[in-house]
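Taking it in order: structure first as structure tokens, then the write-up.
The values are calculated or read from the model by the stated rules, or taken from the named source; none is laboratory data. Computed from a predicted model, the values in this text were never measured in an experiment. Every residue, glycine among them, receives a Cβ derived from its backbone with ideal geometry; neighbour counts consider all protein chains shown. Heavy atoms of the whole protein, side chains included, go into the accessibility calculation; ligands, DNA and RNA do not. Shrake-Rupley method; radii C 1.70, N 1.55, O 1.52, S 1.80 Å.
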Amino acid sequence: MLNKIIFLSLCPLFLMACTDDDVVVEEPVAASVGKQPGHEFKVDPASGKIEFKAEIVYFKYDDSTLTKQGMERLDALAEHMKKHESVKLTVAGHCDERGSIEYNLALGEQRAASVISYLVNVQVPAARVAATSYGEEKPADFGKGEAAWSKNRRAEFQLTSL
């Protein structure tokens with residue numbers, strides 16, 4: 001608990017407001033990187049939400065560091081964004097239920113920031129990416145235990161038109 005208090009006192013919480021921008025996606029998109037099977041994604045034309053073959057980028061417990069598999073998925077997304085300069089990406093960070101609401105919102109923001117940092121490092125313009133955090137508020141799995149919690153430690157993506 002003391003670690004969480006120290007962390008929260010040292011880590012400012014920057015939450016970006018969600019908007020109800022109109023989502024416009026002209027056509028479904030499929031992308032893949034080289035010979036990296038399993039890292040393809042498609043864009044839902046109605047919502048603009050990106051659906052990776054494995055759906056999302058996962059994180060380890062209490063961590064915002066990208067895994068090798070997460071980076072490979074983001075490479076496919078970066079390739080798509082470089083080819084489609086009229087799209088903007090919103091990255092939503094999520095956490096499992098352990099930890100306080102404030103702590104999980106901060107961790108979700110750090111996870112989204114890790115994704116954005118990686119994308120910017122592979123030449124996606126920073127002006128075309130935004131972050132938000134839902135903390136533990138939108139679980140992918142409502143169960144208890146590691147099997148459920150591991151599904152909730154994630155970043156999800158949505159493309160919109162600029």
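Identify all residues within the range 97-139 that are of a type in the set (A, V, I, L, M) and under 17 Å from D62 (Cα atoms); write none if there are none. Of everything in the range 97-139, those that are of a type in the set (A, V, I, L, M) and under 17 Å from D62 (Cα atoms) turn out to be I101, L105, A106, L107, A112, A113, V115.
Listed conditions (1) out of contact with any strand residue (DSSP E or B) (no Cβ under 7 Å at 6 or more places or on another chain); (2) modelled with pLDDT of 95 or more are all met by G108, apart from (1). For the range 117-140, a tally of residues being open to solvent by less than 40 Å² (accessible area, probe 1.4 Å) and over 19 Å from R73 (Cα atoms) returns 4.
Scanning the range 134-162 for residues that are of a type in the set (F, W, Y), under 22 Å from T67 (Cα atoms) and at pLDDT 95 or above turns up Y134, W149.
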